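Reading through the structure tokens given below for one structure.
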Amino acid sequence: MTVNDTQIENSLTWDELIDELQKILDVPKHLRPAEIDHAKLQSLMDRYKSDRKDWGKYALQESHKGYTRNGVINYGDNANLLILVWNPKKVLQSMTMREHTAL
């Protein structure tokens, strides 16, 4: 078995990712940062093979902002899964303005 085969075998669908995150984060108590297995969360995210069909409906953009934060799911007091959509034109304008004001 090659590395690619292992990655495919261990990959998660969008729904599986949401469910796995929910098992860890959507618990009845507020978790302190030390109680969260951040490496496990990162591993789950890494195993998801991104597909726009999954998250595209959440990828809304407000044209007047540099980026838009779109909520996907709330995991109680512990986390929110967000989709961030960057507006390259606004981000570049913002960077240029900051560079000029710093002079």
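The values are calculated or read from the model by the stated rules, or taken from the named source; none is laboratory data. Please read all numbers here as calculations on a predicted model, not as lab measurements. Neighbour counts are summed over all protein chains in view; Cβ atoms, including those assigned to glycine, are modelled from backbone coordinates with ideal geometry.
For region 9-24, check the following and say yes or no: at least one residue is exposed (fewer than 13 other Cβ atoms within 10 Å of the Cβ) and modelled with pLDDT under 95. The answer is yes, given that some residue of region 9-24 is exposed (fewer than 13 other Cβ atoms within 10 Å of the Cβ) and modelled with pLDDT under 95. Close contacts from region 81-100, counting a first residue that is farther than 10 Å from residue 65 by Cα and of a type in the set (Phe, Trp, Tyr) and a second that is modelled with pLDDT under 75 and not in a strand (DSSP E or B), with Cβ to Cβ under 9 Å and a gap of 6+ residues or different chains, come to none at all. Output the qualifying pairs, or none if there are none: Cβ atoms under 6 angstrom, residues six or more apart or on different chains, first residue in region 62-74 and closer than 10 Å to residue 86 by Cα and among the acidic types (Asp, Glu), second residue at pLDDT 85 or above and not in a loop (DSSP other than H, G, I, E, B). Pairs that qualify, where the first residue is closer than 10 Å to residue 86 by Cα and among the acidic types (Asp, Glu) and the partner is at pLDDT 85 or above and not in a loop (DSSP other than H, G, I, E, B), are 62/68. Within region 25-79, if we keep just the residues that are surrounded by 15 or more Cβ atoms within 10 Å (Cβ to Cβ) and of a type in the set (Gly, Ala, Ser), the residue that is farthest from residue 11 (Cα to Cα) turns out to be 66.
Taking every residue in region 46-60 that is closer than 16 Å to residue 20 by Cα and pairing it with any residue that is among the small types (Gly, Ala, Ser) and surrounded by 13 or more Cβ atoms within 10 Å (Cβ to Cβ), at least 6 positions away or on another chain, the pairs with Cβ-Cβ distances below 6 Å are 47/11; 49/11.
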